[in-house]
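Notes follow once the structure below has been shown.
Here, each number is a calculation from the coordinates, and none is a lab measurement. The shown structure was predicted, so the numbers you read here are calculated from the model rather than taken from an experiment. Every residue, glycine as well, gets a Cβ built from its backbone with ideal geometry; the counts of neighbours run over all protein chains shown.
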Amino acid sequence: MSEKRSASLLSKLSGFKSMGFELLLMEASEADNKITVNYLLEKEGQFESVDITVSENTVVPSVTLVFPRGDRMEKDIEQRFPVSFKRKSDEMPHEEGYSLIDWGPFHPLLPEPVLFHILMKDEVIKKASVETGYNCREVEKLCAGRKVWDIPGILEKVSDANGISLSLAFASAVEEINAIDIPQKARWIRMIINEMSCVNANLQGLYNTAQCLGLYGDSVRISKLVGLYREAAELICGHPLLFGIIEIGGINKDIAKDSFYAANAVLQEIENELTDIRKKWESTAAIAKRLRTTGFIDSETAMTASGRLARAAGNAVDSRKYSKLPYTDLSYTVQVREESNCYARTMLKFDDLSQSFRLIDRGIESMPKGEVKQEAKVKKSGEAIAREHGADGEVIVRVRLKRDTVESLFFRNDTSVNISFLPGCLEGTELTDFPLIVSGFDLDLSGMEK
Amino acid sequence: MSWLDGIRAKSISVLQINAGGCTGCTRQFQAALLLDSGKGITLTGNPRHADVLFVAGCINNKSADYLRQIYEKMPSPKAVVAAGTCACDGKLFRGEDNGISTLDEILPVNAYVRGCVPGMDEMLETVINVVEDGYKEYKDG
Amino acid sequence: MLEVILWFIGIIIIVPVIYLAENIILSAIPGQNRSYPIQPIYRLIKHFSKTDLYNRPLTRWFPVGACVFALVTLFFVSAGENIMLIISGLVMMELFILVGACSTKEPYGIMAAQRGISRLTVWSFALMIAAASLYKAAGTLKLSLAIQYSGESILLSRLPLVTAGLFTAAMIKGNLGYFDFGINANTMSFLDTALYTPYGGRSLGFVQLTQWIETGIWLKLISFFLPWQPLISFLVSAVFYLAAMLLNAVVPKMTWKKVMMNSWIWAGGLPAINYIWLYML
């Protein structure tokens, strides 16, 4: 790619950055041996798009020079399309006195498969790199060409942490394209289900953190709470992971308020137990100190992060802001901490769980009566972007429909942004703290690699 | 069931692998271990200490090699259990050429526990039965 | 001789009972994993019924060598022999396990062996100081003679910190509580069982058996410093060890450098202070 074109692209992106825009997503498409890379930028709900079309095997300047969060997005495109970006190499150098070890991809402290290459000396990490691709199922390709009715059922199974949120976001996008106004009750039920999915994900995150801290007893307690959560989920929809309930146009079956009350009682039991665990972790000097002294990210770097990683550094990113669910009818505060270390991220998980329990409780009380499904006539073609609150941040879905068929589907979660910061955070840490830091990042790799 | 299989069935070390996906099956199994019917089953992270390899999730080309390496590291006698729809037959995510395999295309599977997600009791029963039966190939759970 | 044999067999029987008791008590706590009462025995039999993983003879036979040294050392301690013989036996046993782990040539095996060497320096130092203190206090290195002093409470009153240091060294050897040298500080990780990590199959069975016998050696050694009848002293040290094992399930794990520091302070520092104090008396 010519210098002039490269400079023009970067200056355009820099211009948007100076106006306060942030990179929301990067998508690529291929036609006639040409690759079109689309940069979608966003500022407070306002979108701007920058496109660049290049021939195959062109080297495109890296967007990370302007938007560091684009690192993972570029890697994704490189893996699928014959184009490369001019970035710093991830290759690990061979240095005398240092040993290079691999950690993963299957490890009991890694909920999802991912491989870390670690360069270290005396068990202090000098450099780390992340190799992904073990979760890749080409979901977007799988969904293209399918009828819209099939997609929620696929998306909810994509990821444990954010599958439900993805499915909801997709449904919202299709409903937006076809101007389908779903019943109010369905919106409230969707909100409750979304928050329940976040509860599940955060409980799993805490379980992983307990394991990394070596708190075997607490990890078993949290595992029991996960079992209780599944009971609550089964009370609501008959499935422990809330599968099969989201449909285009609403919810596939009405749920009695008694079921919600029964589930809420179970959730309150979970909350009480979590309060105990939280008090213990806060008051035990060894635990608090270990968490406080690991995983620090400087605030300047963390400001470019997303989701819980940003909130742990004092950046009040509100992932519920652009949701189509009735969060605006419920008052909530964005949970924020300042320390930007493992302690802040762990305590934020507890804070987010408390907030989810409160939202579910109020949601059940405020739920209106009425139908739960609108007859959904999906006939229009078009494109829509939907954003939904997920467990660790935001999920974004971009759908292009051709009548009732999905022409193309793109989605991303906040792990795509935050994983770029992980290698930097690991540098200089002890090998023993490695799993704890990775756990604090709440990587939803199956949602990222798709 | 011989006396040795009986003893082995009372102390089963399971190495559970989430090969990729929603982690529903592996979480379900972890929760199942708290039940009484999960007596004697413990989780290990070390393939050298494992008796049963419990695999859930979608297996792509990249993870297949590592799964084989892990299986090679396990001492005999050993068994492989495929848990959940993704590992058993790929169903939802298996496309024409997206590189997704079923577990039996990678490793010799002793037992299958189907479902999305499979029940806790089914999972535990399958793991125990596969050891009690002397690590032979076993019917679907 | 009969007494020695009875102690030898008795310790071999009592130590598994401690592990069974730990298993039963932890199992009874609500929310814990379920296990059979004699699951540790089932696990040991299972290990011996498996094939050995490694073709390299060193890795396969070193655990056997360690087990033999453990049995010999147990005999010495049952007979109340010279403490230096016992220390030599314990060190040889540990070296066999370490070399076996190193010979796997895998990075985690070598890391585990490095941790093991760090541990070895701490507890062998503790034992050396304990031996020197014993000689200073009792005028002999032979445990069967030193026990005469123990009966009149003189030994414990003169060597309280040595006794505490030896108990800490036993905890270090058992990877318990704040003295866990496991690489990843997690009881279920690939890296956590430190020296056990590279072993599998039958070798693991021998390593486990060695560890049980070694626990018995340490408990018997500690019991020599206690003032009661030998059997009562042994049972008291066993009960304290069981308490440490139960506490291990609830205390958080620490980074290994902190563990190293703790170990040197408690297992190395306390006996050293006691030894200096003996000279000042």
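Karplus-derived 3J(HN,Hα) values for region A:348-355, using 6.51 cos²θ - 1.76 cosθ + 1.60 with θ = phi - 60°, are 5, 4, 4, 4, 5, 5, 4, 5 Hz; glycine and proline are entered as x. DSSP assigns beta bridges within region A:3-78; of those with both partners inside it, close to 100 percent run antiparallel. Rounded to the nearest 10 degrees, the angle from helix B:61-73 to the longest Cα principal axis of chain B is 20 degrees.
Have a look at the DSSP beta bridges in the protein assembly as shown and tell me what percent are antiparallel, nearest 5. Show your work: numbers first, answer last.
Details: 54 of 73 bridges.
Expressed as a percentage, antiparallel bridges in the protein assembly as shown total about 75.
Region C:121-174 and region A:303-338 have Cα centres lying 60 Å from one another. Exposure proxy shown here: for C:Ile38, A:Ile251, C:Ile5, the number of other Cβ atoms within 10 Å sets the order, fewest to most, as C:Ile5, C:Ile38, A:Ile251.
Look at the Cα gyration tensor of region B:44-141: its axes a ≥ b ≥ c give a/c of at least 1.5 with a/b at or below b/c, and that counts as oblate. Taking a ≥ b ≥ c as the square roots of the eigenvalues of the alpha-carbon gyration tensor, region A:119-237 is classed oblate because a/c is 1.5 or more while a/b is no larger than b/c. Decide, for chain A, between rounded, prolate and oblate: order the square roots of the alpha carbon gyration tensor eigenvalues as a ≥ b ≥ c, take rounded if a/c falls under 1.5, and otherwise choose prolate if a/b is larger than b/c, else oblate. It comes out oblate by the Cα gyration axes. Applying the Karplus relation 6.51 cos²θ - 1.76 cosθ + 1.60 with θ = phi - 60° to region A:228-233 yields 3J(HN,Hα) values of 5, 4, 4, 4, 4, 5 Hz, where x marks Gly and Pro. Of all DSSP beta bridges confined to chain A, the antiparallel ones make up roughly 95%. Cα centroid separation, region A:231-262 to region A:163-203: 12 Å.
Region B:77-122 to region A:407-432: how many Å between their Cα centroids? After rounding, the separation between the Cα centres reads 28 Å. For B:Ile12, the residues 5 or more places off, or on other chains, whose built amide H falls under 5 Å of its own are B:Ile41, B:Thr42. Less than 5 angstrom separates the built amide H of A:Ala305 from none of the residues sequence-distant by 5 or more or on a different chain.
Fully extended, how many nm does the chain gain between C:Ser49 and C:Ile9 (0.36 nm per residue separation, minus their Cα-Cα distance)? The partial results should precede the final answer.
Working: separation 40, 0.36 × 40 = 14.40 nm, distance 2.36 nm.
Full extension from C:Ser49 to C:Ile9 adds 12.0 nm.
Rounded to the nearest 20, the size of the Cβ-charge dipole of chain C about its Cα centre is 500 debye, with Lys and Arg at +1 and Asp and Glu at -1.
For the residues of B:3-9, the average number of beta carbons from a partner chain within 10 Å of their own beta carbon is 3.
Helices in chain C that qualify as membrane-span-like (whole DSSP H runs, Cα extent of at least 24 Å along the helix axis, mean Kyte-Doolittle hydropathy of -1.0 or higher) are C:2-28, C:57-78, C:83-102, C:107-138, C:202-223, C:230-248. Overall, the protein assembly as shown carries a charge dipole of about 1120 debye about its Cα centre when +1 sits on the Cβ of Lys and Arg and -1 on the Cβ of Asp and Glu, all other atoms neutral. For region A:381-388, 3J(HN,Hα) computed residue by residue from phi via the Karplus equation (6.51, -1.76, 1.60; θ = phi - 60°) reads 9, x, 9, 8, 10, 10, 10, 9 Hz, glycine and proline entered as x. Here the calculated FRET efficiency for C:Trp228 and C:Ile276, from their Cβ-Cβ distance with R0 = 30 Å, stands at 0.65, rounded to the nearest 0.05. Counting Lys and Arg as +1 and Asp and Glu as -1 over every other residue whose Cβ lies under 12 Å from the Cβ of C:Leu247, the net charge comes to -2.
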